[in-house]
Amino acid sequence: MSPHRKRKFRRWSLRIILIVILLPVTALAIIRSAGWLRMRKTDREIQAFLGPYQVNAVNDTLKLRGRDIVYLKTGMGEQKKSALILVHGSPGSLDAFLDYMVDTALLSRVDIITYDRPGFGNSAFGFAEPSLSGQADILIDLMKAMAYDTYWLAGHSYGAPVIVQASIREPRKVSGLCLIAGSVSPELEPEATAWRKWIDLPLIRDLLPVSMRVSNEELMSLRQDLIMIEDDWDRLRMPVSIIHGTKDVLVPFENMQYVQEKATAADTIFTKVFEGESHFILWTHEQKIVGELIKLIGRQR
């Protein structure tokens with residue numbers, strides 16, 4: 001290759017490398033500055049959603065473990081003795097469950113509570129609680145603050161291990177668990193791979209949309225956190241419902257088998273398999289999931 005061609009080749013190679021680097025960085029900066037991927041609704045938007053429905057709703061803030069945690073509670077008529085708490089995934093916020101919060105079939109049986117987990121929604125947006133144990137602390141304190149006799153817990157994706165750990169520690173307060181596309185197996189959860197560590201570097205993390213940064217912070221330690229509770233599943237003696245899609249590429253379907261193998265002391269195990277469905281069954285099969293929740297709630301210990 002002639003010297004002229006070599007220089008031309010180097011110039012074009014440098015341009016291509018710069019484009020490959022600058023394009024994603026520029027895209028992240030635009031997304032961040034525009035406020036996209038915030039994945040949360042304002043109080044006004046939540047109230048506007050609830051407006052047409054005949055439900056009693058409380059949208060308020062509790063101080064839990066030194067954090068301001070925003071929650072939404074709905075009910076019909078007088079307060080019931082039991083409540084269903086819905087825990088969102090990562091990233092996410094309480095608006096993931098808005099349609100469930102106004103479902104009259106559920107509300108005829110229990111009051112329903114959901115909340116913005118730390119760092120998401122309006123619960124100190126951007127300030128993560130990176131440990132599963134810390135997430136369980138918040139949920140346990142929420143149960144104590146709400147002061148119902150018993151609770152049914154349902155968690156989607158990362159919300160599933162949160163309710164598992166909370167139930168392991170407070171089994172007497174929990175009547176049953178529902179794991180929806182739950183990431184609970186340490187063997188199936190990837191280690192904190194190089195790309196997760198790379199995007200946690202100061203410059204890169206500052207460019208990420210806030211909800212994605214918080215999500216990365218809590219997912220980095222999830223595998224190790226799940227290993228820590230592997231030997232505690234026998235404390236779950238309440239009914240357990242497992243719901244998963246076979247084509248879930250974010251949280252492998254094999255998590256269902258893991259729960260069946262670990263939760264051997266459970267009163268009953270219900271399973272619901274969505275053939276060919278993805279991680280987003282929480283929204284694409286809402287009424288069927290409501291049916292599974294009703295089945296679980298009907299199984300009183």
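Would you confirm, using the coordinates I've provided, whether residue 111 is surrounded by 20 or more Cβ atoms within 10 Å (Cβ to Cβ) and either more than 19 Å from residue 62 (Cβ to Cβ) or within 14 Å of the chain's Cα centre (by Cα) (or both)? Write out each step before concluding.
Numbers: surrounded by 20 or more Cβ atoms within 10 Å (Cβ to Cβ): yes; either more than 19 Å from residue 62 (Cβ to Cβ) or within 14 Å of the chain's Cα centre (by Cα) (or both): no.
Criteria not met by residue 111.
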Exercise. For residues that are in contact with a helix residue (DSSP H, G or I) (Cβ under 6 Å, 6 or more places away or on another chain) and surrounded by 17 or more Cβ atoms within 10 Å (Cβ to Cβ), scanning just the range 271-293, find the one that is farthest from residue 171 (Cα to Cα).
Key: 274
Quiz item: Can you name the residue in the range 59-109 that is part of a strand (DSSP E or B) and touching a Ser or Thr at 6+ places or on another chain (Cβ under 6 Å) and is also farthest from residue 45 (Cα to Cα) among such residues?
Solution: 82
Practice problem: Those residues that are part of a loop (DSSP other than H, G, I, E, B) and either in contact with a strand residue (DSSP E or B) (Cβ under 6 Å, 6 or more places away or on another chain) or open to solvent by 10 Å² or more (accessible area, probe 1.4 Å) (or both), I need them from the range 149-172; list them, please. | Solution: 149, 157, 170
Exercise. Go through the range 133-148 and give me each residue that's within 15 Å of the chain's Cα centre (by Cα), open to solvent by less than 30 Å² (accessible area, probe 1.4 Å) and in contact (Cβ under 8 Å) with a residue 60 or more places away in the chain.
Key: 134, 135, 138
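Is it true that residue 254 is acidic (Asp, Glu), within 20 Å of the chain's Cα centre (by Cα) and crowded, with 18+ Cβ neighbours inside 10 Å?
So residue 254 does not fit the description; no.
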Self-check item: Subset tally (residues that are farther than 20 Å from residue 53 by Cα and in contact (Cβ under 8 Å) with a residue 40 or more places away in the chain) for the range 63-118
Solution: 18
Quiz item: Could you say which residue among 126, 119 is closer than 23 Å to residue 225 by Cα and either open to solvent by 10 Å² or more (accessible area, probe 1.4 Å) or more than 14 Å from the chain's Cα centre (by Cα) (or both)?
Solution: 126
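Residues 209, 190, 186: which one is in contact with a helix residue (DSSP H, G or I) (Cβ under 9 Å, 6 or more places away or on another chain), closer than 24 Å to residue 281 by Cα and at pLDDT below 95?
Working: 209 fails: closer than 24 Å to residue 281 by Cα; 186 fails: at pLDDT below 95.
After ruling out the rest, the residue left standing is 190.
The values are calculated or read from the model by the stated rules, or taken from the named source; none is laboratory data. Because the structure is a prediction, the values reported are computed rather than measured. Note that we place each Cβ from the backbone using ideal geometry, even for glycine, and neighbour counts take in every protein chain shown. All accessible areas refer to the heavy atoms of the entire protein, side chains included, with ligands and DNA or RNA removed. Shrake-Rupley method; radii C 1.70, N 1.55, O 1.52, S 1.80 Å.
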